[in-house]
Amino acid sequence: MKTQNNSMDKWMRMHIDSNARQELDDLTRQSWERSISYNLDYTNALPKEISSQEFKRIQIERQRLCVCANNVLEPLEQRYINNGYGLILFDQSGCLLRLYGKERFQTWAADNHIKIATRWSEKTIGTNPFSLGIQHEIAASLIGEKNFSRFLINGAYFFAPIRLENGDLYGGIALAIPKDSSSDNMLAWTITLARAIELQLFWFGAASLFGNMSDNCGMLSVDRFNGQVHILIMSDEVIKIFGLPSRDYYYEKLDNIIPNTPTNKSFWNIINTDSKIADKNIHLNVNGKSVDINVSAAPIRQTKFHMHATLLYITSIKRINKLISQYSSNIARYGFENIIGQSEAMQTIIRRCKTAALTDSNILLLGESGVGKDVIAQAIHNNSDRSKKPFIAINCASFSKDLIACELFGYENGAFTGAKKEGALGKFELADNGTLFLDEIGDMPLDLQAVLLRVLEEKSFRKVGGNVVVDVNVRIIAATNKNLIKKIANGLFREDLFYRLGIIRIYIPPLRSRENDIMILAKHFITQICARLGKPVVNLSNSAAAFFKNYPWPGNVRELRNMLEGIISTSDDLEISEQELRRYLGDFAAEAESSDHSAQISHFLQNIESQDECIYDERRDIVRALKICHNNRTKAADYLGMPLRTFYRRLKKYGLLML
Ligand SMILES: Nc1ncnc2c1ncn2[C@@H]1O[C@H](COP(=O)(O)OP(=O)(O)OP(=O)(O)O)[C@@H](O)[C@H]1O
């Protein structure tokens, strides 16, 4: 009783006599001076109570701190903490989050107004070790009378800050004990506990960092405790795949995020059976949205740390499909540097294509089969702003009428018998933000042409069997070896689609009319083929070279390359002779010789319609646009995708202003 009275006397003296405060260390004394200046009622000063709503918010915000502190302190609370003392967890603002200790401690704490959902600041309760430690981010201990408020003088308090890896203050832990029971090394104990909590925070922080290392594959790790499944790691990619708001989901119950409903049964089976699985495609409903994922999972058991977790690697099916497409046939390998051609025609084409690549307008490539439309489309893509995005090609002639719609727009799950369960992405979605190359556009069925036109105009579409509108940002490059003008005249190709696709129209002439390119291309292919076959580079004899120039090349560049490959791979001669060429071409060579040049061409090209009409005729296009738009110039300019001012300049240029 005497000591208690002594302590009370000392405490009173410190309140009324500044000399009595000289024995305090500097930081504590300064805090006392400030507390006195606040005019606090030190006999009744209490920490501020926090509303339950605010406290709930703080608990969610500091979920990570609470869980990591629980991991360290709960085992202590159960086994080692004796009845007399306890531990107190604070957040970085001095909010008391949790008390750990047996019943006697809890009662003692309550008697001294040490309760959860209270905020401990110097301004409300005067000098106390918790706010002192938080304010200066230091370990602090205050015993009995060194505390400002009457309610703290019965105890001894040892506070240690809890910091994150980057040094930021995250909270604090305090050991509280009735004053008479305190001993010397208690601050060291508290600091050790704080370090243990920091280590937990670091470990989970590092695990999350690890989970975020890949942008493509998400990591979800869950922990099983008392029959509940909690989230340990949910990487940013998983948050994105599930379409959830971006925040910390640490230790949230998994079924709050992915409800354990029949739709999500396959996913919950993985969690509940806790087995190892690889690459399972799963359909989920998260937050009311359908999500298709590919999952690999592995259980983690760590007995020493009581860890019973499952680690899941999650990738969106959308992404996998995209990769499959990207890495199968859809790679734009060619740049303009790979396009060989010294002829004036080819040089002009390359110049025009380079300019066109910088715009976002649709491009229509016209020309016979094998002239290089595909390689030019790739080069345009690679020279455009979209070069880092997908280049997706589709050959419109190689699908049936029904299939091509699925190929272009994809389908929803169960859209038709035999459809994949998880549905499929179409080329439009795969090409989002990139380029869609519609090869052989002249062979697209008429009804699909109407759909395509709508997609080009609205920049959105519906999947086959689906209702959801999918927005896309795709640049179209279309190509054809068909005479579209003739097709339009025969009602087989939509005129409006022709104009929409051919905002920029580029005609690639056949090889026979690019005489200068034949030998350059031949030499280029010879070097390339010989290198690939590991053979010394072969020459062309003079007469073979002369034969080359006179041959009509109905198959254009493709034919030239195939012929050279056929000859080089079956002969060991170091020179390609004219005889060799004749032998390879057989009847074709004889035919080529037996008729005059123009007859040869028409013979070989009987299936290829003249492209001359396809050559870009701007005047004709403008007249046609005006006719379609009933002479409304604004509409006609829009129809051609031309700025109005340019349109007027063209009207003037072609003497059409009076129309
Ligand atoms: N200027 C060129 N330089 C280099 N290689 C070329 C050139 N033009 C065409 N080729 C090659 O010729 C072959 C045929 O070209 P490509 O497939 O681009 O023709 P295409 O006009 O798209 O034919 P199709 O109409 O049949 O689809 C390809 O292997 C391509 O690499």
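The values are calculated or read from the model by the stated rules, or taken from the named source; none is laboratory data. Note that the structure is a prediction, hence the values are computed from the model and not measured. Note that each Cβ is placed from the backbone with ideal geometry, even for glycine, and that neighbours are counted across all protein chains shown. Quick note on the areas: whole protein, heavy atoms, side chains included, nothing else; ligands and nucleic acids left out. Shrake-Rupley method; radii C 1.70, N 1.55, O 1.52, S 1.80 Å.
Among the residues of region 337-347, some residue qualifies, meaning at least one is free of Cβ contacts under 8 Å to residues at least 60 places away in the same chain, part of a loop (DSSP other than H, G, I, E, B) and within 11 Å of the ligand (Cβ to nearest atom). Of 432, 443, 471, 517, all but one fail to be touching a residue at least 60 places away in the same chain (Cβ under 8 Å) and at negative phi; the exception is 517. When restricted to residues that are away from the ligand (no atom under 16 Å from the Cβ), under 53 Å from the mean Cα position of the chain (by Cα), surrounded by 16 or more Cβ atoms within 10 Å (Cβ to Cβ) and part of a helix (DSSP H, G or I), region 555-580 contains 1.
Consider residue 100 carefully, then state whether it is at pLDDT 90 or above and open to solvent by 10 Å² or more (accessible area, probe 1.4 Å). Even if it seems obvious, please write down each step before you answer.
Working: at pLDDT 90 or above: yes; open to solvent by 10 Å² or more (accessible area, probe 1.4 Å): no.
No.
With the requirement that a residue be of a type in the set (Val, Ile, Thr) and closer than 25 Å to residue 204 by Cα, what does region 263-305 give you?
Here is the first cut: in region 263-305, the residues of a type in the set (Val, Ile, Thr) are 263, 270-271, 273, 277, 282, 286, 291, 293, 295, 300, 303.
Once the filter is applied, which keeps residues that are of a type in the set (Val, Ile, Thr) and closer than 25 Å to residue 204 by Cα, region 263-305 yields 270, 271, 273, 277, 286, 293, 295, 300, 303.
Every test in (1) under 15 Å from residue 438 (Cα atoms); (2) open to solvent by 50 Å² or more (accessible area, probe 1.4 Å); (3) not charged (D, E, K, R) is passed by residue 405 save one, and that test is (2).
Taking residue 160 as the residue in question, decide whether it is in the same structural domain as residue 197 (by TED's automatic domain parsing), within 14 Å of residue 11 (Cβ to Cβ) and part of a strand (DSSP E or B). Criteria not met by residue 160.
Annotation for region 489-504: no member residue is outside the structural domain of residue 409 (by TED's automatic domain parsing) and of a type in the set (Asp, Glu). Looking across region 441-460, just one residue is among the polar types (S, T, N, Q) and part of a helix (DSSP H, G or I), and that is 449.
For the subset of region 387-401 comprising residues that are open to solvent by 20 Å² or more (accessible area, probe 1.4 Å) and under 25 Å from the mean Cα position of the chain (by Cα), which member is nearest to the ligand (Cβ to nearest atom)? Before you say what the answer is, go through the steps one by one.
Pass one, region 387-401, residues open to solvent by 20 Å² or more (accessible area, probe 1.4 Å): 387-389, 393, 395, 397-401.
Checking which are under 25 Å from the mean Cα position of the chain (by Cα) leaves us with 387-389, 393.
Numbers: 387: 18, 388: 22, 389: 21, 393: 10 Å.
It comes out as 393.
Looking only at residues in region 259-288 that are surrounded by fewer than 15 Cβ atoms within 10 Å (Cβ to Cβ) and aliphatic (A, V, I, L, M), the one that is nearest to residue 228 (Cα to Cα) is 277.
Within region 489-505, the set of residues being within 34 Å of the chain's Cα centre (by Cα) and of a type in the set (Gly, Ala, Ser) comprises just one member, 502.
Quick grid of which residues meet (1) modelled with pLDDT under 95; (2) over 48 Å from the mean Cα position of the chain (by Cα); (3) open to solvent by less than 10 Å² (accessible area, probe 1.4 Å); (4) at positive phi:
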| site | (1), (2), (3), (4) |
| --- | --- |
| 154 | yes, yes, no, no |
| 164 | yes, no, no, no |
| 186 | yes, yes, no, no |
| 194 | no, no, yes, no |
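Within region 452-488, the set of residues being out of contact with any Asp or Glu (no Cβ under 7 Å at 6 or more places or on another chain) and either outside the structural domain of residue 439 (by TED's automatic domain parsing) or within 16 Å of the ligand (Cβ to nearest atom) (or both) comprises 476, 477, 478, 484, 487. Of the conditions (1) out of contact with any Asp or Glu (no Cβ under 6 Å at 6 or more places or on another chain); (2) of a type outside the set (S, T, N, Q); (3) not in a loop (DSSP other than H, G, I, E, B), residue 537 satisfies every one except a single condition; which number is it? Of the numbered conditions (1) out of contact with any Asp or Glu (no Cβ under 6 Å at 6 or more places or on another chain); (2) of a type outside the set (S, T, N, Q); (3) not in a loop (DSSP other than H, G, I, E, B), the odd one out for residue 537 is (3).
When only residues in region 498-554 that are among the basic types (Lys, Arg) and within 16 Å of the ligand (Cβ to nearest atom) count, which is most open to solvent (accessible area, probe 1.4 Å)? Once the filter is applied, the top-ranked residue is 532. Among all positions in region 85-107, there is no residue which is within 48 Å of the chain's Cα centre (by Cα), charged (D, E, K, R) and farther than 23 Å from residue 231 by Cα. Quick check: is even one residue across region 331-349 at pLDDT 90 or above, open to solvent by 80 Å² or more (accessible area, probe 1.4 Å) and touching a helix residue (DSSP H, G or I) at 6+ places or on another chain (Cβ under 8 Å)? Yes: one or more hits.
Taking the listed residues 284, 358, 323, the one that is outside the structural domain of residue 481 (by TED's automatic domain parsing), modelled with pLDDT of 85 or more and away from the ligand (no atom under 16 Å from the Cβ) is 284, with no other qualifying. Select from region 361-385 the residues that are assigned to a loop (DSSP other than H, G, I, E, B) and closer than 12 Å to residue 482 by Cβ and write down the one among them that is nearest to the ligand (Cβ to nearest atom). Checked region 361-385; the qualifying residue nearest to the ligand (Cβ to nearest atom) is 369.
Residue 449 fulfils the conditions (1) surrounded by 16 or more Cβ atoms within 10 Å (Cβ to Cβ); (2) within 16 Å of the ligand (Cβ to nearest atom); (3) among the polar types (S, T, N, Q) except for a single criterion, (2).
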